[in-house]
Amino acid sequence: MSTPTQTQSETRTKPEGKIARVRRLWNDHLPIWFIAPMATVMVLITFFPGAYDLYLSLIKEPTLNVFAADFVGLSNFSTAFSRGGALHSLIITITVVVSALILESVLGFVLAALVAGVGSGRVKSFYRVLFIIPMAVAPVSLATIGRIMLNSEVGIIPYVINSATPFTAPAFLSKMPLLTVILMDTWNWTPFMFIIFYAGLSSVPDTLVEASRVDGAPLWRRYVHVIIPYMKPVVFVATLIRMIDLFRTFGVVYGLTQGGPGTATQLVSINIYEQMFVNNQVTVAAAIAVVYLIMVVALCNIVIAKVGFDGVWD
Amino acid sequence: MATTKAEPGSSQRFEKDTREKIVSVVRHAILLTWSFVVLFPLYWLASMSLKPPGQANTLPPDWVFLPTVYNYLQLFQRSKFVTAFGNSLIMVAASVVLVLLIGVPAAYVLSRYDIPMERDVLVWILSSRMLPPIAVVLPFFFIFRNLNLFDTRIGMVLMYVSINLSLVVWVMKAFFDGIPVTLEEAARVDGATRFQGFRKVVLPAAKPGIYSVAIISFIFAWIELLFGLVLTNSKAVPVTLYVYSFIGSRSIEWSMLAAASMAMIIPVAVFLILVNKYLAAGLSFGVVLKE
C-alpha cells in the first residue's frame, strides 16, 4: 500500500522501520481504514444488485459478455405484467404487508401495555421472556408447525374445531391460504412489536403519566394524548422495520403453500423465484425484481421523509 | 372508562379497589390467553418430536405418552442433516465474526468523527435492509457462478454478512454514542494511539452491545432460507433448506420434520432469552436504546 502519504511521512521524519511505518499509516488514517470495508460491502450489496437487475430486465437473455447483450427495451416488463402475474403478486403482497402490520402493531402494543402494567416484577419478566419466544421460530419451522397443526386430516386445530365446536373446520391451507399466512406471520412476529413497544413504554417518564393521572384523564386519553405521542419515534421505527421485513416474506409461504393453491399466495418474492428457477424466465424475473425494488425502496424513503427520522436521531 | 368525580368516602375507595381487581383479572386473563397461543404450537411440535413415529399424528391425539428421543437419534444419524446443521453453524458463526469486524469499526467512526452527509450515509446503510432479498439474490446467483462461489460456504458467509451489516452499524453507532468521549481522550493523554484507545477503552465499554448484536445477527442468519435455496446445491446447504426435504417428498416424515424443526428452534430460543434485555435495542436498530 504505497500511497503518497507514506512517502511524505518518510521524507519528513527519520527513517523508520517497516512495521513502524505501517503502524503510522494505520493510526494516521484510522477512520478511513475503519470505514472502508463497510463502504465496500455496502456498495456491493446496494448498487450492484439493482444495476444488474435493471440490466437483466432490459435484455433478451443473459450472456457471458455484458456488452454483447441484446437489448429489448421494456418488453420484459410488459411480459411480467401480462403473463408473469406481476400485478397479482404485488396486490397479494401489499394485502399481506398491510394486514399483518396492523394486526401485529395493535396486538403488540396491547400486550406491551398489559405487561407493563403488571404489578410484580418477576411476573412481568416472566411474560416478557415468554412472549418473545415465537421469534426463535425460523420460517421453515413455522411452516412445519402450520403443516402439522392445520392439516385437514391429522391437524389438531381442525380436529378441535370439529369435535369441540358446532362448526366445521375450514380447509385452512386450500380454502383460506392468505389469511392463514397472515395469521401465522402474526404469531411469529408480534413479539417483535411487543418487545420494542414494551421498551418504548418503559421509557415514558413516570412523572408524565402521573401528571395526566392527577389531571383525571381517563386511561384511553392518557394513551392517546400522552404516552403514544411520547413514543412516536419508537412506534415509527418499529413499524418501518417490520414493514421492510414483511416485504421480504418468503420462507413461510414457500414452506406452507409454495405460492398456491393456484397463485393464491404468490407473493412477489415467490413469483420472482418461480419465474427464475421454475419457468426459467430470468429476464422476466428481473423485470419484476426491478419494479419491486423501486417500489419498496421508494415507499420506505417516502415514509422516512414524511414522518422524519429526525425525532429519532437527535 | 368513566372517571368518578371527587366524592370522598369509603364507598369510592371500595369501588376503586374492586375496579382495580377486575382490571387485574382481565389483564391476566388476556396475558394467559396469549401465553397459551404462544406455547401451544411449540408444545405441539415438541411433543410430536418426542413421540414414536407411529403415535405422532393419531387423532384423537395421545395426550399422555412416553417421551422418546428416538426421532432425534434418527435425525442425527442422517449424515446429510448433520452436514447441513454443521454447515449452518460454521457459516453463520463465521458471518457473525466477519460482520462484527466490518461493522463495529465503521460504527465507531460514524459515532466519533464528522462524516460528510452523515445522515444520508446512515439512511443508505439502512436502505440495504430495504432491498428484498429475492431481488438481490438474482444478480448474486450469476456473479457467484462466475466467481466459483456458488454452493460454497464462503459465498454464503458473504451473503449472511450482507443481511446483518446495516443492523450492526446502526446498533453499534447508538452504543458508541452512549460512551463518553472523555474515556478515550484520557487514554490518549496517557500516550495510547487512536487504535489502542479504541481497542482497550471503547470496545470493552461497548461489550454488552457487541454481544447482543452478535446474537441477533446470528439469529437472522440462522433462520435465512432464500439464499441457501438459490445459492447452494449440495455442499454448502444450510439446515433451513435441509428441513424442507422432509416436506417436499410425497409423504411427509412428520416425526423427523418435528425433530428437525425443534433442533433449529432450541438454540435460537436460548439465545433470545439470553439477550432479551438488549433485544429491543438490537431489533429497532438502536433507536430504543437512545431514549
task = Summarise the accessible area of chain A (1.4 Å probe, protein heavy atoms) by the percent that is carbon and sulfur.
result = 66
key: Exceeding the 22 Å Cα-Cα cut-off - candidates A:K232/B:K16; A:K124/B:K21; A:K124/B:K207   = A:K232/B:K16; A:K124/B:K207
query = Residues with amide H under 5 Å of A:I59's amide H, sequence separation 5 or more or different chain, H placed in the peptide plane at 1.01 Å from N; which?
reply = A:V72
message = In whole Hz and in residue order, list the ³J(HN,Hα) couplings for region B:273-285 that follow from phi through the Karplus curve 6.51 cos²θ - 1.76 cosθ + 1.60, θ = phi - 60°; x for Gly and Pro.
response = 5, 4, 9, 4, 5, 9, 4, 4, 4, x, 6, 9, 6
ask   = Any idea what the relative contact order of chain A is, in percent, if you count C-alpha pairs under 8 Å spaced at least 6 apart?
value = 26
query = In Å², rounded to the nearest 100, what is the total accessible surface buried by chains A and B against each other with a 1.4 Å probe?
reply = 9000
query = Using θ = phi - 60° and the Karplus form 6.51 cos²θ - 1.76 cosθ + 1.60, what ³J(HN,Hα) does each residue of region B:114-120 get, whole Hz, x for Gly and Pro?
reply = 7, 9, x, 6, 4, 4, 5
Integer Hz, Karplus 6.51/-1.76/1.60 couplings in order for region B:56-62, x for Gly and Pro = 4, 10, 7, 10, x, x, 7
query = With the solvent-accessible surface defined on protein heavy atoms using a 1.4 Å probe, which residues belonging to region B:129-171 display a reduction of at least 50 Å² in accessible area in the multichain context relative to the isolated chain?
reply = B:R129, B:M130, B:L131, B:P132, B:I134, B:A135, B:L138, B:P139, B:F140, B:F142, B:L165
query = Going through the DSSP H helices of chain A, which span 27 Å or more along their own axis at the Cα atoms while scoring at least 0.0 as a mean Kyte-Doolittle hydropathy?
reply = A:30-58, A:86-116, A:177-203, A:282-307
message = With an 8 Å Cα cut-off and a minimum separation of 6 or more residues, compute the relative contact order for chain B in percent.
response = 27
task = Report the label-to-label distance for A:D28 and B:I22 in nanometres (one decimal), using points 7 Å from each Cα along the Cα→Cβ vector.
result = 7.7
remark   = Dipole check, chain A, charges on Cβ (K,R +1; D,E -1), about Cα centroid: among A:V214, A:I132, A:Y159 the Cα furthest to the positive pole belongs to A:V214
Within the accessible area of chain B (1.4 Å probe), percent carbon and sulfur = 65
Charge-dipole axis of region B:70-283 as Lys and Arg at +1 and Asp and Glu at -1 on Cβ define it, positive-most pick from B:I273, B:M172, B:M156 = B:M156
query = Could you give the accessible area per residue of the protein assembly as shown, probe 1.4 Å, as a whole number in Å²?
reply = 46
query = For region B:21-60, which residues drop by 50 square angstrom or more in accessible area between the chain on its own and all protein chains together (1.4 Å probe)?
reply = B:R27, B:L31, B:W34, B:V38, B:P41, B:L42, B:W44, B:L59
ask   = How about B:K235: which lysines have a C-alpha closer than 28 Å to its C-alpha, ignoring those fewer than 8 places off in the same chain?
value = B:K80
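The values are calculated or read from the model by the stated rules, or taken from the named source; none is laboratory data. Keep in mind that this is a model prediction, so the values were computed, not measured. Cβ coordinates were reconstructed from backbone atoms using ideal geometry, including for glycine residues, and neighbour counts include every protein chain displayed. Only protein heavy atoms, including side chains, enter the accessible area calculation; ligands, DNA and RNA are left aside. Shrake-Rupley method; radii C 1.70, N 1.55, O 1.52, S 1.80 Å.
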